[in-house]
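The values are calculated or read from the model by the stated rules, or taken from the named source; none is laboratory data. This is a predicted model, so every value here is computed, not measured. Cβ: placed from backbone, ideal geometry, glycine included. Neighbour counts: every protein chain shown. In case anyone asks, the SASA skips ligands and DNA or RNA and just uses the protein heavy atoms, side chains included. Shrake-Rupley method; radii C 1.70, N 1.55, O 1.52, S 1.80 Å.
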Amino acid sequence: MRRPFIHINFATEDVCSVRQPQGISGNISCGDDWHRVHILRERYDAIAVGGKTWNIDRPRLTVRPEKLGREPRRQPNRVIFAGSHPCAMSHPGAPAFVISSHHHVDPSAVALAMTGHDLHGPLESLYDYGIESLLVEGGPTLLRSFFSQGFADRVTIYVRAGTAEAADRGARDTLGALPATLHASAFGEGFLLESGVPGMGGEMRAAG
């Protein structure tokens, strides 16, 4: 099957040890992790999120100089796995692909068809459009689809937690079926869990 190299990257917390006031999610990532994420974004052809994440969080899906520490060399394409959600392009930027089960797609985006939750067709289509590497950032529903269908060449999960064991628990509580073995290392204000082969440019850690 022709498809991009797929790197799943996510941030979560161990809800048993980190509590937020009701109704306030807080900013899970720390400064070191934001730097790491923006290095990744610059090196991948495209960033993908789900339709619910796009509509609720309104992410820019860009490489930002203030997070990277310099001017970015390029901006990634944007990919929205919209499903049945209508998704408007709220931010101008790099080309966008909307993968949808209906025909009402923002005319400024490239529309790609999707049947049910099957990722095979959309991933082949993205590859045919020149997307050879894809950074998938969420939300949890989309990530579970990638894991359940076996599309995860590389996994990195930043978890705000006090111990490696708590970090592993927090990731599995949020995302469900993860690789059996996740390497945990202290990172920023929590832990970075990793699995799979190094992706575009090898390990991408924030400078100390």
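Values as computed for the structure displayed
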item: Residue within segment 86-99 that is without any contact (Cβ under 8 Å) to a residue 60 or more places away in the chain and more than 24 Å from D45 (Cβ to Cβ) present; result: yes
item: Residues being open to solvent by 40 Å² or more (accessible area, probe 1.4 Å) and touching a helix residue (DSSP H, G or I) at 6+ places or on another chain (Cβ under 9 Å) - total across segment 133-151; result: 4
item: L178 being open to solvent by less than 50 Å² (accessible area, probe 1.4 Å), at pLDDT 95 or above, within 26 Å of R3 (Cα to Cα) and touching an Asp or Glu at 6+ places or on another chain (Cβ under 9 Å); result: no
item: Residues (open to solvent by 70 Å² or more (accessible area, probe 1.4 Å) and in a strand (DSSP E or B)) located in segment 98-116; result: A113
item: Residue list for segment 164-175, filter: in contact (Cβ under 8 Å) with a residue 24 or more places away in the chain and either within 10 Å of L193 (Cβ to Cβ) or open to solvent by less than 70 Å² (accessible area, probe 1.4 Å) (or both); result: A164, A166, A167, D168, G170, A171, T174, L175
item: Residues that are assigned to a loop (DSSP other than H, G, I, E, B), closer than 17 Å to V136 by Cβ and open to solvent by less than 40 Å² (accessible area, probe 1.4 Å), drawn from segment 54-76; result: P59, L61, T62, V63, P76
item: Some residue of segment 3-21 being out of contact with any Ser or Thr (no Cβ under 9 Å at 6 or more places or on another chain), of a type in the set (A, V, I, L, M, F, W, C) and at pLDDT 90 or above; result: no
item: Residue that is farthest from G196 (Cα to Cα), among those in segment 117-139 that are assigned to a helix (DSSP H, G or I) and in contact (Cβ under 8 Å) with a residue 40 or more places away in the chain; result: D128
item: Residue within segment 77-87 that is at pLDDT below 85, surrounded by fewer than 15 Cβ atoms within 10 Å (Cβ to Cβ) and either in contact with a Cys (Cβ under 9 Å, 6 or more places away or on another chain) or not in a loop (DSSP other than H, G, I, E, B) (or both) present; result: no
item: Residue pairs meeting the criteria (Cβ under 8 Å; at least 6 apart or on separate chains; first modelled with pLDDT of 75 or more and among the acidic types (D, E), in segment 184-205; second open to solvent by 40 Å² or more (accessible area, probe 1.4 Å) and part of a strand (DSSP E or B)); result: E189/R160; E194/H183
